[in-house]
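None of the figures in this text is laboratory data; all of them are computed from the coordinates on show. If you're wondering where the values come from, they're calculated on a predicted model, not measured in any experiment. With ideal geometry, Cβ positions are generated from the backbone for all residues, glycine too; neighbour counts draw on all protein chains shown.
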Amino acid sequence: MSDPTGTSRPPASPLQPAPADATLPSPAGSLAPLRLSYAIDCAPEHAFAVWTERLGQWWPRGHSASGDPATSVALEPRRGGRIYERTSTGEEIDWGEITVWDPPHRLAYLWHIRRDRADATDVDLRFVDNGDGTTRLDIEHRGWERLGADGPPWREANTAGWSSLIPNFIAAAESGTGTDVP
């Protein structure tokens, strides 16, 4: 791929995710947030649109609360909007609620997939324009202390979850198709 000046540049690739323990010190009794950054070879407007408008196309099949492989995933594009799955039988299961809607820069939400809403963690996504047609996606996932004793293992499970989810998103954003990646 070449930039607007015709100079060849390598394709974008995920930045090294920050280690789970490489965060600022947390107050006593709280767990450090997960902080991850990824490079995406597309403009922030496109990356934000793929995340929000085509979520169901790149979200991994079977990665759901119901376990139904035919589940579709969607979000309502507004502050207060739901993030949810719809099973093959039409049942809707809420996963989260949008708390910040600022296209194409920022999306934040309460995340409670497979948990009660009172136990929601906070996810904050920032789509940063690198100034060269590429985007840096910064993710901060916090609020683990709300889960009590379940906080540490749930945080670790989400570390693995982000690692398996983000490659699908990057492939969809960079290919322009938004389709599920095997």
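General observations
- Centroid-to-centroid, using Cα positions, region 125-180 and region 44-88 are 14 Å apart.
- Sorted fewest first by neighbouring Cβ atoms within 10 angstrom, Asp138, Asp116 come out as Asp116, Asp138.
- Across region 95-182, Cα-Cα pairs more than 15 Å apart make up 66 percent of the total.
- Histogram of C-alpha separations across region 82-146, 5 Å bin width, %: 4, 17, 21, 19, 15, 12, 8, 3, 1
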